[in-house]
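What follows is calculated from the coordinates using simple rules that are stated; it is not laboratory data. Keep in mind that this is a model prediction, so the values were computed, not measured. All Cβ positions, even for glycine, are placed from backbone atoms using ideal geometry, and neighbour counts span all protein chains on display.
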Amino acid sequence: MRITSKGQVTIPAEIRERAGLLPHTEVRFEFDGRTVRIVKAKPAAGVGRGKTTVGALRGRATVALSTDEIMKLTRTP
């Protein structure tokens with residue numbers, strides 16, 4: 001594996017999956033002598049994956065349904 005001229009490196013998919021590194025996951029680097037570790041950064045208080053996802057989806061609906069109408073569609077008869 002090589003570092004690009006921009007300082008980038010591709011983390012193999014197997015390692016990303018095992019470490020739970022999803023797209024947009026914040027990471028930090030720890031340096032200990034000659035070893036560098038990539039560690040998942042702890043999210044800021046109150047900012048979790050759920051809030052981030054909801055924030056990204058908010059206002060993107062293409063059909064104007066009320067909450068009651070959506071709930072009615074999700075219930076089985």
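If R0 equals 35 Å, the separation of the Cβ atoms of Val63 and Leu21 corresponds to a calculated FRET efficiency of about 0.55.
Mean residue ellipticity, 222 nm, helices only, the chain: the sum of -39500 (n - 2.57) across DSSP H runs of n ≥ 4, divided by residue count and rounded to 500, is -8500 deg cm²/dmol.
Rounded, prolate or oblate for region 1-44? Axes are the square roots of the Cα gyration tensor eigenvalues, ordered a ≥ b ≥ c, and the cut-off for rounded is a/c under 1.5. Note, shape of region 1-44 comes out oblate.
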